[in-house]
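Read the structure below first, then the notes.
The values are calculated or read from the model by the stated rules, or taken from the named source; none is laboratory data. Everything numeric here is computed off the predicted structure, so don't read it as measured data. Neighbour counts are summed over all protein chains in view; Cβ atoms, including those assigned to glycine, are modelled from backbone coordinates with ideal geometry. Note: areas computed on protein heavy atoms with side chains; ligands, DNA, RNA excluded. Shrake-Rupley method; radii C 1.70, N 1.55, O 1.52, S 1.80 Å.
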Amino acid sequence: MSDSISIKVNIAGKEYPVKISSSELEEVNSVELEIKDKLKVLQSNYGVKDKQDLLAMCLIEYASKF
């Protein structure tokens, strides 16, 4: 990755350092926003407040699509 950049991705209130190519920046930002929105929907629909539980629910829903 010669054109790599380091960014911090915030998922469920926790920042994760990620090294990506500059061409991936828009996609990574889009995915970050999609996850944030999905977690809000799950929290609203199920009343779950624990971030780890919400992430697990999000992952289960994502994996079941494949």
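For the chain, carbon and sulfur atoms together expose 54% of the accessible surface, with a 1.4 angstrom probe and every protein chain in place.
The 3J(HN,Hα) values that the Karplus relation (6.51, -1.76, 1.60; θ = phi - 60°) gives for segment 9-14 are, in residue order, 9, 9, 10, 6, x, 10 Hz. Gly and Pro appear as x. Taking label points 7 Å from Cα along the Cα-to-Cβ direction, Asp50 and Leu25 give a separation of 3.8 nm.
To the nearest ten degrees, helix 51-64 and the longest principal axis of the Cα atoms of the chain are 80 degrees apart. Taken over the chain, lysine pairs spaced eight or more positions apart, or on distinct chains, with alpha carbons under 16 Å apart number 14. Only helical runs count toward this figure. For the chain, summing -39,500 (n - 2.57) over DSSP H runs of n ≥ 4 and dividing by all residues gives -18500 deg cm²/dmol at 222 nm. Placing unit charges on each Cβ (+1 for Lys and Arg, -1 for Asp and Glu) gives the chain a dipole about its Cα centre, and among Val28, Leu54, Val18 the Cα reaching farthest toward its positive end belongs to Leu54. Normalised per residue, the accessible area of segment 7-66 is 79 Å², obtained with a 1.4 Å probe and no contribution from ligands, DNA or RNA.
Relative contact order, whole percent, for the chain stands at 24, derived from Cα pairs under 8 Å and 6 or more residues apart. Other residues with beta-carbon under 13 Å from the beta-carbon of Glu26 carry, at +1 per Lys or Arg and -1 per Asp or Glu, a net charge of -4. To the nearest ten degrees, helix 25-46 and the longest principal axis of the Cα atoms of the chain are 10 degrees apart.
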